[in-house]
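Okay, so here's the structure we're looking at.
What follows draws every value from the coordinates through simple rules; no lab data is involved. Note that the structure is a prediction, hence the values are computed from the model and not measured. Neighbour counts are summed over all protein chains in view; Cβ atoms, including those assigned to glycine, are modelled from backbone coordinates with ideal geometry.
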Amino acid sequence: MRNRLLRFATYIAVGVATGFIVAMVALLAEKVLLAQVLHLPPWQRVIAPALGLWGAVIMLRWADAGRRLSPSTSEEYIRAFHDRTHPMRFRDLPFRLAAGIVTVGSGGAVGLEGPSIYAGATAGNAIQRVTRRLFRNREGYALLVAGAAAGVSAIFQAPATGVLFALEAPYKSDLGRRALLPALLSSASSYVVYVLVTDFHDRPFEIGTELVRVGFGRRELLGAAVVGALCGLAAKVFCQILKHAKRIQESDRPWWLVALCGGAILSGLAALSEILFDEPLSLGPTAEGQLVDWSIEPEQSLVFLGALLAIRVVATSTVLASGGVGGVFIPLAVFGLIVGRLVGGWIELGPESLAFFPFIGVAAFLAAGYRTPLAAVMFVAESTGAPAFVVPALVAVAVSQVLIGGSSVSQYQRDSRTGHLERRLEMPVNSAMSTDVPTVNADAPLADFVWGIALPRKQLEAVVVGPERDFLGVIRLSDTRDVDRNDWMSVTCGEVMATDITPARPSWTLREVTEAMADADIEMYPVIDSGGRIAGVVTENAIVKLVDFLNETQGNETQGGR
């Protein structure tokens, strides 16, 4: 009982710490920096995002005594959830938070939820190392999830959304286990601390109650399905764009050139926004609500709304490709808002549709991009204060989930939970590969294989290679039974070898090799390089020993804490 109460206290402590950190980040980024940037003269607003991008890149470039840090934030949580060995060092937290404050505070089109999730997960991970004796092995990631939930809860003032997001985000079609109670306690305490420290009362998408009085008839529910379909398709496209953006950020291109080009694009988009809309709608998560207010105005044309959507997509992708720090939770919601507004302008149910469809789009796009359907619906209900959106939002989210397919904005999300053995089998083939390969030339007589390899080394199989060690096939001792012993010197290995075996590539997983072994009925499977030459072999014994070793070390690491 005493340990149980101490664990509860630890969950609350994670929430309190996260709520305070996120409150400071939000105050500095939005209420101090961004508020000033949005009230600068237009020409100064145009250059602000470029300057902020450079500031963030330089911070991460020379962080921690010259060791460059990745700009990823919420991705670190998902990665650490699945990989207990992935470090989430507390000493990296100030650098990433400072880079996120500068990026968003200067008008970067990303959200603070990324740094907030990272702050919570890092705080939870640090506290768990100190209190590891309170937690059993199966609760190894409880405080990590609790911290992520607390980060979302605080930055959006949406505690239920925080809980659901932390549980849904690691998987595309599943939920994290044994972390519900930690997430609940941490999320609630984080929300309370955040509100007490900041005294904020504005939600991310505040709307008037007169705009949500919409009946649910055929046209409304059909429109919700249309919004869901469009958001699902658009989210699929954005996932591909984001994938290319991350490749640019991780490439070997000169960092200064990437930052220079990214800054120029951001300034150009800011200038274009000033010309088209006479407002800085390309800056910040939502330009302090100006983007939402502008989007739901009845007189806005669909052409300008489409232009705004394109500007925001390019702006968000550019920030992330250039090394800026921020999350895509709010950008996804903004994209959905605009897509829903386009549908609302097309269907024309009246003034109410200008709020009804945009916020249905928020849920659909967010659910499709992050693969978090429950969190997306709850976010709309909590952030707007209008629970009437729940039913049509569920319709839109269901449709968007069907059309998004296997895409996601996160490269570390897994499809569903797997057991220990299944996770081991997803490892690359080289983790169990041996370069000590029993080989025999194709023109060598069978006697060389039998007396030189099979019997002395107790090796029942060997790889048959050509003059350049190129793979030709596999010979088994059982293949020699059909050949008279007196002919072992005249019959070559190439004549009796099995040629219907497709050798493994370095990109294969242990699962693929295991299945191929079973199909070929062999205990040793060849691995070749890009040139078709034999690189090594994988044996059944090697796979079993690797799994046993990793299971043993995993248990020791969990008992000792992360």
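Take the Cβ atoms of LYS243 and ASP487, set R0 to 60 Å, and the FRET efficiency comes out at 0.55. Our coupling estimate for region 282-297, obtained by passing each phi through the Karplus curve with A = 6.51, B = -1.76, C = 1.60 and θ = phi - 60°, is 8, 9, x, x, 9, 6, 6, x, 5, 5, 5, 4, 5, 5, 8, 5 Hz, Gly and Pro reported as x. Among 124-132, 46-54, sorting by the average number of other beta carbon atoms lying within 10 angstrom of each residue, highest first, gives 46-54, 124-132.
Using θ = phi - 60° in the Karplus curve 6.51 cos²θ - 1.76 cosθ + 1.60, the 3J(HN,Hα) couplings for region 439-451 round to 10, 9, 6, 5, 8, 6, x, 4, 4, 4, 5, 5, 8 Hz; x is entered for Gly and Pro. Report, as a whole number in µm² per second, the diffusion coefficient that Stokes-Einstein gives for the chain at 25 °C and 0.890 mPa s using the Kirkwood radius over alpha carbon pairs. Translational D for this selection: 94 µm²/s.
Put the Cα centre of region 265-341 next to the Cα centre of region 31-52 and the gap is 15 Å. As an equivalent ellipsoid, region 420-550 spans semi-axes of 28, 15, 12 angstrom, where each value is the square root of five times an eigenvalue of the C-alpha gyration tensor, largest first. Shown in residue order for region 89-102 are the 3J(HN,Hα) couplings computed by the Karplus curve 6.51 cos²θ - 1.76 cosθ + 1.60 at θ = phi - 60°: 7, 5, 6, 7, 4, x, 5, 5, 5, 4, 5, x, 4, 5 Hz (x for Gly and Pro).
Ranked by the mean number of other Cβ atoms within 10 Å per residue, highest first, peptides 261-269, 102-110, 388-396, 404-412 order as 102-110, 388-396, 261-269, 404-412.
Here the sum of -39500 (n - 2.57) over DSSP H runs of 4 or more residues, divided by the residues of the chain, equals -19000 deg cm²/dmol at 222 nm, to the nearest 500. Once backbone amide H atoms are built at 1.01 Å from N, THR439 has VAL463 as its partners under 5 Å, excluding neighbours fewer than 5 places away on the same chain. For the chain, the tally of Lys pairs with Cα-Cα distances below 27 Å comes to 5, considering only residues 8 or more apart or on different chains. Here the chain carries DSSP beta bridges of which approximately 75% are antiparallel, counting only pairs with both residues inside.
Please give me, ordered by residue number, the GluC sites (Glu not before Pro) of region 276-348 that lie in loop per DSSP and have at most 15 other Cβ atoms within 10 Å. Passing both the DSSP loop test and the Cβ count: GLU299, GLU348.
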